[in-house]
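> Can you keep this structure in mind? I'll have questions shortly.
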Amino acid sequence: MNEPRTRLAFVSSDAHDARAAAEALIARYGQNRASEADVVVALGGDGFLLQTLRDTMSTGKLVYGMNRGTIGFLMNEFREVDLHERIATAQSETIRPLEMEAETAEGETTTALAINEVSLWRQSYQTAKIRISIDGKMRLDELNCDGVMVATPAGSTAYNLSAYGPILPLDAPLLALTPVSPFRPRRWRGALISNKVTVRFDMIECEKRPVNAAADHVEVKSVTSVTVRESQTKTATLLFDPGYSWKERILTEQFRY
């Protein structure tokens, strides 16, 4: 007796190529509700995949991305054929997001999850002044910069890499603390920190030098303090084709020139 096939739910971004791909795949494989599916197939770019991971966070759903966007670093190659076979042999990677808690000058508190990074950046023409503490101990009394971020291994090849931060293996128990255009101290290039610590950013002269914060796509304006830690309860699981795992891609990225 044949085993029942994996139940698939197809979701896509609003891009034309992504919508067309979803229609073709649904015609070939059928469509299930995401709540009833075993695997959610995301069609689009990296940004849409991150959105899908947030939507399925801690539901036990597996997410298989196929690139119908621009870069597609987190995605598998798009092909219409043999999808069930590809998913059956795919390798899984489980990731934990960052939890951001941001307080504003109005006394409001916003919480959000970030799979790639929590970033802060200046809101005006003046550099930001930021104090950095780790587990309650001040480590940098004043960083003058355009911004600063905490990046996960999953996000280390994104904004973090553009700011000359380190690339982290996916299974490394580390986070990257990376400044953006540091002015003082000029030689500070960031730090590698344990994924068990809590990082706190306090804005100095926040009225004169306003700072925004973002957890992936969730932005908070005019923050006075931001706390970041890795979630201990929430997870998301991605599927990758054999030989094209996230670990392999991160390793390959370090030898590009």
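The values are calculated or read from the model by the stated rules, or taken from the named source; none is laboratory data. Just so it is clear, the structure is predicted and the values come from calculations on it, not from any experiment. Cβ: placed from backbone, ideal geometry, glycine included. Neighbour counts: every protein chain shown.
> Please state which of the following conditions residue 73 fails to meet, knowing it meets all the rest: (1) within 17 Å of residue 216 (Cβ to Cβ); (2) assigned to a helix (DSSP H, G or I).
(2)
> Okay, next question. Which members of the range 178-193 meet the condition of being farther than 7 Å from residue 145 by Cβ, of a type in the set (Phe, Trp, Tyr) and touching an Asp or Glu at 6+ places or on another chain (Cβ under 9 Å)?
Of everything in the range 178-193, nothing turns out to be farther than 7 Å from residue 145 by Cβ, of a type in the set (Phe, Trp, Tyr) and touching an Asp or Glu at 6+ places or on another chain (Cβ under 9 Å).
> Shifting gears a bit: I'd like to verify a number: residues in the range 205-252 that are more than 17 Å from the chain's Cα centre (by Cα) and either charged (D, E, K, R) or closer than 28 Å to residue 79 by Cα (or both), how many?
Count: 12.
> Within the range 1-45, which residues are part of a helix (DSSP H, G or I) and touching a strand residue (DSSP E or B) at 6+ places or on another chain (Cβ under 6 Å)?
Selection gives 18, 19, 21, 22, 25, 26, 29, 34.
> Here is a list of conditions, (1) out of contact with any Asp or Glu (no Cβ under 6 Å at 6 or more places or on another chain); (2) β-branched (Val, Ile, Thr); (3) assigned to a strand (DSSP E or B), and residue 227 meets all of them except one; can you say which number that is?
For residue 227, the failing item is (1).
> Could you run through the range 46-70 and say how many residues are out of contact with any Phe, Trp or Tyr (no Cβ under 9 Å at 6 or more places or on another chain), in a loop (DSSP other than H, G, I, E, B) and of a type outside the set (Lys, Arg)?
Looking only at that region, the number is 6.
> Inspect all residues belonging to the range 61-70 and state whether any of them is surrounded by fewer than 18 Cβ atoms within 10 Å (Cβ to Cβ), over 17 Å from residue 237 (Cα atoms) and either touching a residue at least 24 places away in the same chain (Cβ under 8 Å) or outside the structural domain of residue 50 (by TED's automatic domain parsing) (or both).
Yes: one or more hits.
> Now a separate question. Any idea which of (1) β-branched (Val, Ile, Thr); (2) farther than 17 Å from residue 127 by Cα; (3) free of Cβ contacts under 8 Å to residues at least 60 places away in the same chain is the one residue 227 doesn't satisfy?
Result: residue 227 fails condition (3) only.
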